[in-house]
Each structure stands twice: as C-alpha cells, then as structure tokens.
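The values are calculated or read from the model by the stated rules, or taken from the named source; none is laboratory data. This is a predicted model, so every value here is computed, not measured. Note that we place each Cβ from the backbone using ideal geometry, even for glycine, and neighbour counts take in every protein chain shown.
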Ligand code: SAH
Ligand code: SF4
C-alpha cells in the first residue's frame, strides 16, 4: 500500500466498478470485491480468497480499506453504544448504535460540526469544520456492523447475520449540506451486495435544505425526516437559522414534492420540545394549521406525515430547558386528537450523552487527541485501527 492508495470505502458499486476498470479488470470483479468489503467486513486483500491472485496483488499496491481510528467507545446501561472516531486535524465524529427488540439502528454523522447552527444543538454550537467523505460516512457503518457481529452476544445466531437493520443520518452534521458524499454512501447502504437495507429503513434527517430534498427525491428517495421545531417562521428563524433561507412555506412544498416520488411514504416531522419556547397547546394548534394546509389534496390522507416529539437533551451553553413531561403529553394529545400520528421519542443512552444533539465530538485540540489516542493504544483497552478485538 502506498500513501496515495485509494480507500475503497469511498465507492458505491458503480464507483468501485470504475476503479476496477481502471485497473484493467472486468466490472463484475467489483461485485465480488464489494461483497468482501461490506458483507464480510474484510479489510485484507489476501483474505479475499476467491479473487484472482493477480487482482489481489494489484489491489495491494493501489488500494486500501481504511477504517477510522476509534478514540473511544461507551456502552450505556440500556445497550446503546457510542463511538467517537478520529477524522484528523483534531476533529472527531460520533456514531451511536441503538438496539431495540425488533431492530438495530445506527445513527451516523455526515459532517465534523455543522454550519446550520441551531440554537438547541450541541453540534451546531461547535461550528463547522468540514464535510466527511463518503469513506468516512461509510466507515462508521462498516466498523459498527462488523464490530457488533463479532462482539454482541449472539448465542445460537449466525455470525453473518446482519445486526444493523436501520440507519438514520441523525448524528453530527447536516447531511443535505454534504450531498455529493452522502449519495454514494446511501447507495451502498441500499445495495444488495453491501448492506441491503430497504429504502424505508434508511432515513435522512434534514433541517430543510430545500433544493437538495428535491434532488434526493429523484436520486435516492430514502425515508425523510424534517426537523421542524416550530409552527411559524418567526419562531423557527430563531431556532433553525436555515429557515431564513428556506422558510416554512417552501419547506412544506418541498415535502409535498418529495412524496410525489414515493406516494405511499410519509415524512417524519421532528419537533424538539423546549420549555416555554415551542411547547404550548396553542403552538400545537398552529402546527396543525400548518400541516393541514399542505395535506396532499388528491388523497386527503393524514398519514402523509408523522410527528416525533423529541424531549430536548440539555447542554449548558444552550440556556434552554427540556419541556415537562406534562407539557409534552398535552402537546401530543392536541396533535393526536386532531388525527395526526404522533410519537414521543424515548431517550436512550442518556448516561453516555449519546442522545440527539448531544454529539459534540469535542476533541478540538489535536495534541490532546493524539495523547489520548496514544494512551488508549498503550492500555490496549480500546480497539484502534486496524480494528482489533475488545
Ligand atoms: N442536521 C440534521 C440531522 C442531525 S440532527 C437535522 O437537523 O435534522 C438530528 C436530530 O436531532 C434533529 O431533529 C435535531 O433537531 C435533533 N436535535 C438536535 N439537538 C437536539 C437536542 N439538544 N435535543 C434533542 N434533539 C436535538
Ligand atoms: Fe446542524 Fe442538525 Fe444540529 Fe441543526 S440540529 S445544528 S442542522 S446537526
């Protein structure tokens, strides 16, 4: 491997086929290679036993399957696991695995920091460092899936069985402000030769980047979650600054257009419940007025959207507080009585700060990050690249 080696985690299947062609190999070789990487979690070309020796040799000099160094791993009492990955220059991003009875969800980051700067979000307060590459987005899934397969107590289960059934782009960053890296990552998640997730089990969450919502609907129409948080422009302008660029009327029209490509789908509206800011019954009624005026008229269906009320996860710098349980209950009741499907998000991984908006990945000081990594390596406690067993 050379320092200019290409990281194969950068490619969806089409991209990998192009790479193989440039090596003078047939496109179908890419499918074999893709399966080794993503389905088997293999990172050593010599381990890819059914690839011709000549191809393996070529790959060894031109390519690499490069995971991200793991800075830390925390496991919550409820089974939630949070990893902090080093993405260089003192930046770190987080991914969170949330096990439930019927699914395993991985929450993935798309950027180091975020430029949108929402008032209630720790990532937003941290500012924007840079976009992640496709390889850095996929490395989170690649690592988590294969790590969990090896380490979960899987008594009686097939070690090849998938652990992660759902991916949500709800970690650090605004995925639709990193569109060109996001799309190949999503395609790989959906590809039957890789993770084979159905498009309804992959969710992109956005604060409302309208033009990119339109592109996504045409290129990879996965499930969409829209972070609403307010029923009117004046309140939303103050909470989600992107609202000044794409106000609610435009955002709601984009939601309607999104559903034209997937008419039986729904959009999830996320609504972070902030004490005394956006949680009154009157504001719930305004929210109903807002979405009612956008019901797809031809069907009149009310199941085109769902509300997910998220109890605010406080952090000191925000100066904001979580709504009381009674306020959340009352707010949801108003929506439910008007016929809108509404759920309240369970908070998970509270003891390890793994919840929405708490992902700050604050390893800004590169010296400290490197000291920390060296210490971890020395103790041999934490798996670092190349991935070793815990
Ligand atoms: N940038 C995208 C996706 C990442 S944020 C977006 O904003 O949608 C994922 C979700 O966490 C969003 O709905 C966001 O509004 C919510 N969130 C952010 N900070 C939060 C906090 N402190 N408490 C609860 N939810 C929060
Ligand atoms: Fe960025 Fe989403 Fe946080 Fe807003 S809520 S600052 S868009 S990560």
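Some observations on this one:
- Within region 114-132, considering residues that are surrounded by fewer than 18 Cβ atoms within 10 Å (Cβ to Cβ) and within 17 Å of residue 180 (Cα to Cα), the one farthest from ligand 1 (Cβ to nearest atom): 130
- Residue 273 outside any helix (DSSP H, G or I), in contact (Cβ under 8 Å) with a residue 40 or more places away in the chain and either assigned by TED's automatic domain parsing to the domain that holds residue 115 or exposed (fewer than 15 other Cβ atoms within 10 Å of the Cβ) (or both): yes
- Index of the failed condition, residue 212 passing every other in (1) surrounded by fewer than 16 Cβ atoms within 10 Å (Cβ to Cβ); (2) touching a helix residue (DSSP H, G or I) at 6+ places or on another chain (Cβ under 6 Å): (1)
- Some residue of region 230-250 being at pLDDT below 95 and in a helix (DSSP H, G or I): no
- Each residue in region 209-252 was checked for being in contact with a strand residue (DSSP E or B) (Cβ under 6 Å, 6 or more places away or on another chain) and either within 13 Å of ligand 2 (Cβ to nearest atom) or outside the structural domain of residue 285 (by TED's automatic domain parsing) (or both), and 5 pass.
- Residue within region 38-45 that is in a helix (DSSP H, G or I), under 29 Å from residue 177 (Cα atoms) and outside the structural domain of residue 323 (by TED's automatic domain parsing) present: yes
- Within region 99-110, considering residues that are outside any loop (DSSP other than H, G, I, E, B) and at pLDDT 95 or above, the one nearest to residue 318 (Cα to Cα): 107
- Condition check for residue 149: out of contact with any strand residue (DSSP E or B) (no Cβ under 7 Å at 6 or more places or on another chain) and modelled with pLDDT of 95 or more: no
- Counted residues, region 227-257 - those being farther than 15 Å from residue 207 by Cβ and in contact (Cβ under 8 Å) with a residue 24 or more places away in the chain: 5
- Hits in region 60-93 - residues which are out of contact with any strand residue (DSSP E or B) (no Cβ under 8 Å at 6 or more places or on another chain) and free of Cβ contacts under 8 Å to residues at least 40 places away in the same chain: 88
- So residue 202, is it surrounded by fewer than 24 Cβ atoms within 10 Å (Cβ to Cβ), within 20 Å of residue 310 (Cβ to Cβ) and within 16 Å of ligand 2 (Cβ to nearest atom): no
- All conditions but one from (1) within 16 Å of ligand 2 (Cβ to nearest atom); (2) assigned to a loop (DSSP other than H, G, I, E, B); (3) out of contact with any strand residue (DSSP E or B) (no Cβ under 8 Å at 6 or more places or on another chain) apply to residue 262; the one that does not is (1).
- Of the criteria (1) surrounded by fewer than 22 Cβ atoms within 10 Å (Cβ to Cβ); (2) within 15 Å of ligand 1 (Cβ to nearest atom); (3) modelled with pLDDT of 95 or more, which one residue 43 fails: (2)
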